[in-house]
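S.K.: Right, I'll just put the structure down here and ask away after.
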């Protein structure tokens, strides 16, 4: 019996507009570098979307925040506004303080953390956003978590229990990779793979490894660069949620919550917004928000920045956390499960958090067309539908 649940709504969140950034057809990692390059002497965009090698990951965002802070301090700015309180914003503000620069964070939400969102359920806290410390051995946030004494649990995504049908073959994966590597830059995933997608084995690989990790339409996603590395490389998750890490990073910082910044006016003598003035601004809001005009800049961003932004986008992967009275799913040494939907592109993955949580708990990630069906209605109904996919068949 389902006893408690949490449901994410990243696709509907006006301050996220998706889960993480991706490269669309015609784009390259150079677009990430361009978007993150300084806009004159007083403005810089930073976040996971601007990291050419660690995009879509919290430590990539954090590293870009540090880099932007050092840029601002290096130009002699003494008062810097940080727009957004995700990992990039927290990292930027902390580093600016260490460098003797006065920094204040302006955050649209009523909480810190951005897409790292810890939420309470049934007496415990779980992540509705960022869950893992990825690339653990080379992750700056992992070192901070260790120094803070946070407990982490290793996960293994390489050996899932597939609850519906056979897992895709290694041969299918190799065929897909070869086709994508040979695709022209302007090609989409769908265009490059073409008739291969009609083969069930190939389609199951694409659903599991590309749709699940991107949450974006194959017709939009870049064939060459839409499949970015990083996921599954020594991943660990934080017991007690990312909120513990967010609170640790935010200690001592000045943050103005529930203060969305709709516009930044950049002039020779500083940056103005919300009747405030700063020497410079570091903007860390997601690219989906920038693309939708949730924050505008005057004068407009330079053409190279606008063109780079037009080739980047947001994928949508939603999460459910389900607590049950009793455990009914089969054991898995990896603690990792996968369910393929009846239609192409419908995919979900599950992490068994029971051992660390002490109560039968499953964390599910959903992507693809299934979202339109499952995420229709109130959270209770979404949770019920998701739980039904785990039931014995």
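The values are calculated or read from the model by the stated rules, or taken from the named source; none is laboratory data. From a predicted model like this one, the values you see are computed outputs, not experimental measurements. So basically every Cβ, Gly included, is an ideal-geometry build from the backbone, and we count neighbours across all protein chains shown.
S.K.: Out of 311, 316, 306, I need the residue that is without any contact (Cβ under 8 Å) to a residue 24 or more places away in the chain and within 28 Å of residue 62 (Cβ to Cβ). Which one? So that I can check it myself, show each step before the final result.
M.R.: Working: 311 fails: without any contact (Cβ under 8 Å) to a residue 24 or more places away in the chain; 316 fails: without any contact (Cβ under 8 Å) to a residue 24 or more places away in the chain.
So the residue among 311, 316, 306 that is without any contact (Cβ under 8 Å) to a residue 24 or more places away in the chain and within 28 Å of residue 62 (Cβ to Cβ) is 306.
S.K.: Please name all residue pairs, on different chains or six or more residues apart, with Cβ atoms under 9 Å, provided the first residue is in the stretch 1-27 and is without any contact (Cβ under 8 Å) to a residue 24 or more places away in the chain and the second residue is surrounded by fewer than 21 Cβ atoms within 10 Å (Cβ to Cβ) and outside any strand (DSSP E or B).
M.R.: Listed by first residue and then by second, the contacts come to 13/109.
S.K.: Using the structure shown, decide if residue 149 is modelled with pLDDT of 95 or more, more than 22 Å from the chain's Cα centre (by Cα), exposed (fewer than 14 other Cβ atoms within 10 Å of the Cβ) and under 27 Å from residue 30 (Cβ atoms).
M.R.: Values: modelled with pLDDT of 95 or more: yes; more than 22 Å from the chain's Cα centre (by Cα): yes; exposed (fewer than 14 other Cβ atoms within 10 Å of the Cβ): yes; under 27 Å from residue 30 (Cβ atoms): no.
The answer is no for residue 149.
S.K.: Here is a further query. Return the total of residues in the stretch 30-49 being in a helix (DSSP H, G or I) and surrounded by 16 or more Cβ atoms within 10 Å (Cβ to Cβ).
M.R.: Taking the stretch 30-49 as the starting set, the residues that turn out to be in a helix (DSSP H, G or I) are 30-36, 48-49.
When the remaining residues are screened for being surrounded by 16 or more Cβ atoms within 10 Å (Cβ to Cβ), the result is 31-32, 34-36, 48-49.
Qualifying residue count, the stretch 30-49: 7.
S.K.: Is it true that residue 268 is out of contact with any helix residue (DSSP H, G or I) (no Cβ under 9 Å at 6 or more places or on another chain), within 30 Å of residue 105 (Cα to Cα) and without any contact (Cβ under 8 Å) to a residue 24 or more places away in the chain? It would help to see each step written out before you state the result.
M.R.: Numbers: out of contact with any helix residue (DSSP H, G or I) (no Cβ under 9 Å at 6 or more places or on another chain): yes; within 30 Å of residue 105 (Cα to Cα): yes; without any contact (Cβ under 8 Å) to a residue 24 or more places away in the chain: yes.
So residue 268 fits the description; yes.
S.K.: Output the number of residues of the stretch 94-117 satisfying the condition of being more than 18 Å from residue 258 (Cβ to Cβ), in a strand (DSSP E or B) and in contact with a helix residue (DSSP H, G or I) (Cβ under 6 Å, 6 or more places away or on another chain).
M.R.: Going through the stretch 94-117 one residue at a time, the tally reaches 1.
S.K.: Any residue at all in the stretch 127-135 that is closer than 28 Å to residue 322 by Cα and either assigned to a helix (DSSP H, G or I) or more than 19 Å from the chain's Cα centre (by Cα) (or both)?
M.R.: Taking the stretch 127-135 and keeping what is closer than 28 Å to residue 322 by Cα, we get 127-135.
Still in the running and either assigned to a helix (DSSP H, G or I) or more than 19 Å from the chain's Cα centre (by Cα) (or both): none.
Within the stretch 127-135, not a single residue is closer than 28 Å to residue 322 by Cα and either assigned to a helix (DSSP H, G or I) or more than 19 Å from the chain's Cα centre (by Cα) (or both).
S.K.: Does residue 144 count as in contact with a helix residue (DSSP H, G or I) (Cβ under 6 Å, 6 or more places away or on another chain) and in contact (Cβ under 8 Å) with a residue 12 or more places away in the chain?
M.R.: For residue 144, the condition - in contact with a helix residue (DSSP H, G or I) (Cβ under 6 Å, 6 or more places away or on another chain) and in contact (Cβ under 8 Å) with a residue 12 or more places away in the chain - is not met.
S.K.: Do the conditions hold for residue 288, that is, is it at positive phi and within 24 Å of the chain's Cα centre (by Cα)? Lay out the reasoning, then the answer.
M.R.: Working: at positive phi: no; within 24 Å of the chain's Cα centre (by Cα): yes.
No: the conditions fail for residue 288.
S.K.: Output the number of residues of the stretch 326-354 satisfying the condition of being touching a residue at least 40 places away in the same chain (Cβ under 8 Å) and not in a loop (DSSP other than H, G, I, E, B).
M.R.: 10
S.K.: Could you please let me know if residue 47 is modelled with pLDDT of 95 or more, over 15 Å from residue 306 (Cβ atoms) and in contact with a helix residue (DSSP H, G or I) (Cβ under 7 Å, 6 or more places away or on another chain)?
M.R.: Against the criterion (modelled with pLDDT of 95 or more, over 15 Å from residue 306 (Cβ atoms) and in contact with a helix residue (DSSP H, G or I) (Cβ under 7 Å, 6 or more places away or on another chain)), residue 47 qualifies.
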